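K.L.:
Structure incoming, see below.
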Protein chains: 2
Amino acid sequence: MMGMLKSILFAFAISITLIIGGCWHPLSENAKEQKAEPLFPKGDKITNNNFSGTAWLQMLVLNDSTYNTSIGNVTFEPRARTNWHKHPGGQILLVTEGKGYYQEKGKPAQRIQKGDVVKIPPDTEHWHGAAPDNELVHIAISLNTDKGGAIWLQPVTDEEYDQLIKNRN
Amino acid sequence: MMGMLKSILFAFAISITLIIGGCWHPLSENAKEQKAEPLFPKGDKITNNNFSGTAWLQMLVLNDSTYNTSIGNVTFEPRARTNWHKHPGGQILLVTEGKGYYQEKGKPAQRIQKGDVVKIPPDTEHWHGAAPDNELVHIAISLNTDKGGAIWLQPVTDEEYDQLIKNRN
């Protein structure tokens, strides 16, 4: 009887070893994979007054007269957003991570998320930024830059942000 | 003694249940996460003669006179590539997945991979495509399209592809 008990205790010990060695290890691997490298570097923290909250910019293509474009990767922490602004040559946003908002003046804010393409017409006042509880990462492609760079306007205040999101589409 | 044996058997059964219920489940979750959704849809298989091998195109922005650009998401299966071609207004590639090659006529092929930005000057003969053993996914941003669309030239033959890659940078 004691021999059988020893066998069972041995089997029990083996099963615990399997749980710790074979099972917990893949779980930690899993955690590593969930924290995947971003597509493009986060770049530098934006320190100018054209943004509210914490946002990061990595330029991918600097403006020149050959390509007539500038392309930047922008990371917004939750609640971070641009000021109201407009682009004389138009801009396209390709959302690569997270969730946020895009709003044209006089229209309700639209929810945007990973995989969305946003076309911002020339000379159209608008803002974009992260949701209250999500970061937002997008590639911003400024087009026809021979028509001029972004024209920056007033900030989207905290009260305005909260109100606009409440009235979103 | 038999009571203790029952307790041990019960504990053993519980541990097996934990292995199956609590451990195998995260492993299959893990497998699902590894096969992550692509950033943009793969779109339609390209059936024209401007490509060799199997490639897919999802248009993100159709060309028009407002934005003066067209943006497409291109997925190349291993060995798939464009013909030689050129863009009157230039093109930018943003590589979002995999590994491949970019080559300008008269220069060695360059390896490109996820996170790379490729600037293709206007009127410059070139090709791009996947590595022999990797797929390649890139966003292709055609600029200044008022200067005209892509001018398609001769295919990159299998012999040329193998030779160009052997002589790569």
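K.L.:
Would you confirm, using the coordinates I've provided, whether B:L60 is open to solvent by 20 Å² or more (accessible area, probe 1.4 Å), part of a strand (DSSP E or B), out of contact with any helix residue (DSSP H, G or I) (no Cβ under 6 Å at 6 or more places or on another chain) and within 14 Å of another protein chain (Cβ to nearest Cβ)? Don't jump to the end; show me each part of the working.
P.N.:
Values: open to solvent by 20 Å² or more (accessible area, probe 1.4 Å): yes; part of a strand (DSSP E or B): yes; out of contact with any helix residue (DSSP H, G or I) (no Cβ under 6 Å at 6 or more places or on another chain): yes; within 14 Å of another protein chain (Cβ to nearest Cβ): yes.
In short, yes.
K.L.:
Yes or no: B:V95 closer than 30 Å to A:G43 by Cβ, in contact with a Phe, Trp or Tyr (Cβ under 7 Å, 6 or more places away or on another chain) and of a type in the set (V, I, T)? Talk me through it step by step, then tell me what you get.
P.N.:
Details: closer than 30 Å to A:G43 by Cβ: yes; in contact with a Phe, Trp or Tyr (Cβ under 7 Å, 6 or more places away or on another chain): no; of a type in the set (V, I, T): yes.
So B:V95 does not fit the description; no.
K.L.:
Can I ask one more? Would it be correct to say that A:T82 is over 11 Å from the mean Cα position of the chain (by Cα), closer than 21 Å to A:E160 by Cβ and within 14 Å of another protein chain (Cβ to nearest Cβ)?
P.N.:
Details: over 11 Å from the mean Cα position of the chain (by Cα): yes; closer than 21 Å to A:E160 by Cβ: yes; within 14 Å of another protein chain (Cβ to nearest Cβ): no.
Considered against the rule, which asks whether it is over 11 Å from the mean Cα position of the chain (by Cα), closer than 21 Å to A:E160 by Cβ and within 14 Å of another protein chain (Cβ to nearest Cβ), A:T82 comes out as no.
K.L.:
Take region B:116-127 and flag every residue that is more than 11 Å from chain A (Cβ to nearest Cβ), open to solvent by less than 10 Å² (accessible area, probe 1.4 Å) and not aromatic (F, W, Y).
P.N.:
Within region B:116-127, B:H126 is the sole residue that qualifies.
K.L.:
I've got another one for you. How do the pairs read when you match residues in region B:81-103 that are acidic (D, E) with residues anywhere that are part of a loop (DSSP other than H, G, I, E, B), using Cβ under 8 Å and keeping only pairs 6 or more apart or on different chains?
P.N.:
Once the first residue is acidic (D, E) and sits in region B:81-103, its partners that are part of a loop (DSSP other than H, G, I, E, B) give B:E97/B:P38; B:E97/B:L39; B:E97/B:K114; B:E97/B:E135.
K.L.:
Additional query: Can A:L153 be described as surrounded by 15 or more Cβ atoms within 10 Å (Cβ to Cβ), touching a residue at least 12 places away in the same chain (Cβ under 8 Å) and more than 30 Å from B:G43 (Cα to Cα)? Quick ask: steps written out before the conclusion?
P.N.:
Numbers: surrounded by 15 or more Cβ atoms within 10 Å (Cβ to Cβ): yes; touching a residue at least 12 places away in the same chain (Cβ under 8 Å): yes; more than 30 Å from B:G43 (Cα to Cα): yes.
Answer is yes for this residue.
The values are calculated or read from the model by the stated rules, or taken from the named source; none is laboratory data. Since we're looking at a predicted model, the values are computed, not measured. Methodologically, a virtual Cβ is constructed for each residue, glycine included, from the backbone with ideal geometry; neighbour enumeration extends over all protein chains shown. Just so you know, the surface numbers come from the protein's heavy atoms only, side chains and all, with ligands and any DNA or RNA stripped out. Shrake-Rupley method; radii C 1.70, N 1.55, O 1.52, S 1.80 Å.
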